[in-house]
Amino acid sequence: MISNGDKGNNTIGAVEIVPDCCILIAGAGPVGLLLAVVLSSYGVKSILLERNSTTTKWPKMDLTNARSMELFRRLGLADKLRAKGVPPHIPSTVLISSGLNEDKAITKWPHPSVEKYRMQILENNDGSLPLEPYQRISQAVFEAWLKTVCDEDPLIDARFGWRVDSVEETELGATCIVSDVASGSAVTFKSKFVVGCDGASSKVRRSLSIPLDGGPVPGYVILVHFKSRDLTRLQRQGQFWHIFFLGKDGLGGAIIAQDEVDTWTVHHQMPLDSDHTKLDSRDIIYRVLGGLGERFEIKVDEILVRSTYRPSIAVARQYASPKGHVFLAGDAAHQNIPTGGYGMNMGLGDAFDLGWKLAAVVNRGGGPRLLASYEAERRPVALRNIERSAVHMASHFNVKELLQPDAAIVNANSEEGAKMRKKIHDHYQANDGENKDLGIEMGHRYKSEICIPDHEEAIEPEWLPSRYIPTTWPGSRAPHVFLKDGSAIYDLLGKGFTLVEFVRSGDSDDGSAGHLVSAAKAESVSLSYLKLVDEDHASRLWEKRLVIVRPDTHVAWRGNDMSPRRASEIIQVIAGFAAPRRVEASPTGMNEKAVAVEFSMVVNEVQDKEYRLGQMGAFQQ
């Protein structure tokens, strides 16, 4: 980690001038940490400011999904992350149970282990699956590991115990007032680019008066994180990743196996007007595990942390400031309910997207429209994923109707009880997309100025939330495929843009690829060239002879031939130096007239200067 004296910044009294080649990041949770790592991978320095003295103690998210793992593989970090998580041979079974007093769960979602999933990916090889399986890992472990990665990186200046109090955009950048939490002294930072990764209550967002549309869901959750080695009782219905316990209102609570050894988290649903302070933490655990039945006691070795949590669904109306010097990412830009596991993973996607674009601009290989595309691409992903989370949550709460007229019937050893259990089983099997919907996780197709439409094709391929449709339609994530020698096509892509050309032995060269390579060189755009010979299977999946892939593996352009003039136009557009043909847009491309959105399942409200939720947990503040 760089000290203040040798990182190239000029400290003048209580003012610190950040060089234009360095990015100021507010917030060192998973999103801010990853953003710093992405920037560093392109040789760009960053300063990370985090108000807390260390990383989170809260478990929060417990799954890094397949798409996020692909991005970590791009950074060379996937295997190191997996070494900190749940071992690869352990499956990720989700049980639906009426309580651990019963011998069996009502039904289950049998998500495979990492090892089994990896074999499925290898055997399938039709482009419909990710290159990397998901990875179970507690966010508390995840953040601590990623902080170590940052601490060891000479391009990252991570300052914990520094709180961003306000941000003001100027013509040339932004001015941030920052406090040293320990001493209370204030420092003014001046930086060309600032990224707010400072959580749901983001000071960056509120300083800019960017409205947050949406609101909290009815009710709140008590979260108890604890240690127990009482596996015989905890796993009496079988090994599990999650157990969702039925309650009289549908979903009563849940337990999460954090490490498959001794660390667990229970979530207990509570009415908003109820007082949780009178509840003992161990009793909360026993209540949750009992489900619809009596309390189910286990041996609890240690209560680690406890908090309330108020789920909220919200999206910032803009992801960037008017002049394009300040950006929002992660929970500062969008908040989500846990079902589906989209929250942190969306934030990681934000970090990678914004990171490579900022790096390209700083390194003079990208233009201003590259940064404008961040909001155009990532905000629609948040809107869609948040609504999908609500679909998953509704699947749990809609069980209430199936428990009528008396929820106790579900545990009865009778024909009536068997029928109720069968209805619940059928319901959950018909609504099993949670942590499984690959169309949501990796099927998003960016529609922005830097993705050039394929005018040769009249109809865009079908999109489904439940599965990823392999396609190189511009804006799509390019399909993963293993080549004839067993190598993954993703592993052959460059760090910047990559031009992939599919040819047959003996084909003559018409110069199309050369025109694009020359045009990129003329614009100082980083473009690698990958020529694949007689790769018929991959060629069919990738659909076109020429495909330009972005650093995030999304497709920027595709076609079958190229002229020198058109090559220059394409490179200028995908790198953000010029607007595409026949497109009228603002000079910055920013979302200057964004309108409010409303979501189902929440009390819709608008917050800008303040951020207040009833029963809000400490880690949400």
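The values are calculated or read from the model by the stated rules, or taken from the named source; none is laboratory data. If you're wondering where the values come from, they're calculated on a predicted model, not measured in any experiment. Neighbour counts run over all protein chains shown; Cβ positions are idealised from the backbone, glycine included.
Just one of the numbered conditions (1) touching a residue at least 24 places away in the same chain (Cβ under 8 Å); (2) farther than 24 Å from residue 375 by Cα; (3) of a type in the set (A, V, I, L, M, F, W, C) is not true of residue 231: (1).
Candidates are the residues of segment 490-541 that are of a type in the set (S, T, N, Q) and part of a strand (DSSP E or B); the one that is farthest from residue 560 (Cα to Cα) is 528.
In segment 325-353, how many residues are in a helix (DSSP H, G or I) and not hydroxyl-bearing (Ser, Thr, Tyr)? So the count comes out to 14.
Would you confirm whether or not segment 545-560 contains a residue that is over 30 Å from the mean Cα position of the chain (by Cα), within 25 Å of residue 445 (Cα to Cα), at pLDDT 95 or above and in a helix (DSSP H, G or I)? Don't jump to the end; show me each part of the working.
Within segment 545-560, the subset over 30 Å from the mean Cα position of the chain (by Cα) is 545, 559-560.
Filter once more, keeping what is within 25 Å of residue 445 (Cα to Cα): 545, 559-560.
Among the residues that remain, those that are also at pLDDT 95 or above are: 545, 559-560.
The next check asks that each one be in a helix (DSSP H, G or I); those that pass are none.
No - not one qualifying residue is present in segment 545-560.
Between 486, 475, the distinction of being part of a loop (DSSP other than H, G, I, E, B), of a type outside the set (D, E, K, R), modelled with pLDDT of 95 or more and surrounded by fewer than 16 Cβ atoms within 10 Å (Cβ to Cβ) belongs to 486 only.
Listed by first and then second residue, the pairs with beta-carbon distance under 8 Å, at least 6 apart or on different chains, first residue in segment 92-121 and at positive phi, second buried (at least 16 other Cβ atoms within 10 Å of the Cβ) and outside any strand (DSSP E or B), are 99/289; 99/290; 99/291; 99/292; 99/293; 99/296; 99/411. Here the condition is being without any contact (Cβ under 8 Å) to a residue 24 or more places away in the chain and charged (D, E, K, R); of 434, 416, 375, it holds for 416 alone.
Go through the residues of segment 131-139 one by one and say whether even a single one is within 23 Å of residue 296 (Cβ to Cβ), crowded, with 21+ Cβ neighbours inside 10 Å and either in contact with a helix residue (DSSP H, G or I) (Cβ under 7 Å, 6 or more places away or on another chain) or not hydrophobic (A, V, I, L, M, F, W, C) (or both). So far as segment 131-139 goes, no, none of its residues is within 23 Å of residue 296 (Cβ to Cβ), crowded, with 21+ Cβ neighbours inside 10 Å and either in contact with a helix residue (DSSP H, G or I) (Cβ under 7 Å, 6 or more places away or on another chain) or not hydrophobic (A, V, I, L, M, F, W, C) (or both). List the number of the failed condition for residue 113; all other conditions in (1) closer than 13 Å to residue 242 by Cα; (2) within 22 Å of the chain's Cα centre (by Cα); (3) at pLDDT 95 or above hold. Only one criterion in (1) closer than 13 Å to residue 242 by Cα; (2) within 22 Å of the chain's Cα centre (by Cα); (3) at pLDDT 95 or above is unmet by residue 113, namely (1).
Give segment 515-540 a look and list any residue that's of a type in the set (S, T, N, Q) and either within 32 Å of the chain's Cα centre (by Cα) or outside the structural domain of residue 490 (by TED's automatic domain parsing) (or both), or say none. I'd like the intermediate steps shown before the answer.
Initially, segment 515-540 is screened for residues of a type in the set (S, T, N, Q), giving 518, 524, 526, 528, 539.
Across segment 515-540, the qualifying residues are 524, 526, 528, 539.
Considering segment 15-26, and only residues there that are touching a Ser or Thr at 6+ places or on another chain (Cβ under 6 Å) and over 17 Å from residue 38 (Cα atoms), the residue that is modelled with the highest pLDDT turns out to be 18. Only one entry in 411, 435, 385 is surrounded by 15 or more Cβ atoms within 10 Å (Cβ to Cβ), outside the structural domain of residue 481 (by TED's automatic domain parsing) and on the phi > 0 side of the Ramachandran plot, namely 435.
Can you pull out the residues in segment 141-181 that are of a type in the set (A, V, I, L, M) and surrounded by fewer than 21 Cβ atoms within 10 Å (Cβ to Cβ)?
Filtering segment 141-181 down to residues of a type in the set (A, V, I, L, M) leaves 141, 144, 146, 149, 155-156, 158, 164, 167, 172, 174, 177-178, 181.
Across segment 141-181, the qualifying residues are 141, 144, 149, 155, 172, 177, 181.
Please find, among 444, 427, the residue that is outside any loop (DSSP other than H, G, I, E, B), under 29 Å from residue 135 (Cα atoms) and either touching a Leu at 6+ places or on another chain (Cβ under 8 Å) or not aromatic (Phe, Trp, Tyr) (or both).
Testing whether each residue is outside any loop (DSSP other than H, G, I, E, B), under 29 Å from residue 135 (Cα atoms) and either touching a Leu at 6+ places or on another chain (Cβ under 8 Å) or not aromatic (Phe, Trp, Tyr) (or both) leaves just 427.
Hey, among 370, 402, 348, which residue is more than 20 Å from the chain's Cα centre (by Cα) and under 20 Å from residue 317 (Cα atoms)?
370
Quick grid of which residues meet (1) crowded, with 24+ Cβ neighbours inside 10 Å; (2) β-branched (Val, Ile, Thr); (3) more than 29 Å from residue 255 (Cα to Cα):
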{"residue": "298", "(1), (2), (3)": "no, yes, no"}
{"residue": "307", "(1), (2), (3)": "no, no, no"}
{"residue": "314", "(1), (2), (3)": "yes, no, no"}
{"residue": "337", "(1), (2), (3)": "no, yes, no"}
{"residue": "342", "(1), (2), (3)": "yes, no, no"}
{"residue": "357", "(1), (2), (3)": "yes, no, yes"}
{"residue": "361", "(1), (2), (3)": "no, yes, yes"}
{"residue": "364", "(1), (2), (3)": "no, no, yes"}
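Scanning segment 229-258 for residues that are among the acidic types (Asp, Glu) and modelled with pLDDT of 95 or more yields a total of 1.
Does segment 338-349 contain at least one residue that is under 20 Å from residue 209 (Cα atoms) and modelled with pLDDT of 95 or more? No, there is no match, as no residue in segment 338-349 is under 20 Å from residue 209 (Cα atoms) and modelled with pLDDT of 95 or more. Scanning segment 313-321 turns up at least one residue that is part of a loop (DSSP other than H, G, I, E, B), in contact with a Phe, Trp or Tyr (Cβ under 9 Å, 6 or more places away or on another chain) and either modelled with pLDDT of 95 or more or within 22 Å of residue 403 (Cβ to Cβ) (or both). Screening segment 189-294 for helices (runs of 4 or more DSSP H) wholly inside it with 1 or more residues that are surrounded by fewer than 19 Cβ atoms within 10 Å (Cβ to Cβ) returns the ranges 231-234, 281-290. Residue 364 - would you say it is part of a helix (DSSP H, G or I) and in contact (Cβ under 8 Å) with a residue 40 or more places away in the chain? So residue 364 does not fit the description; no.
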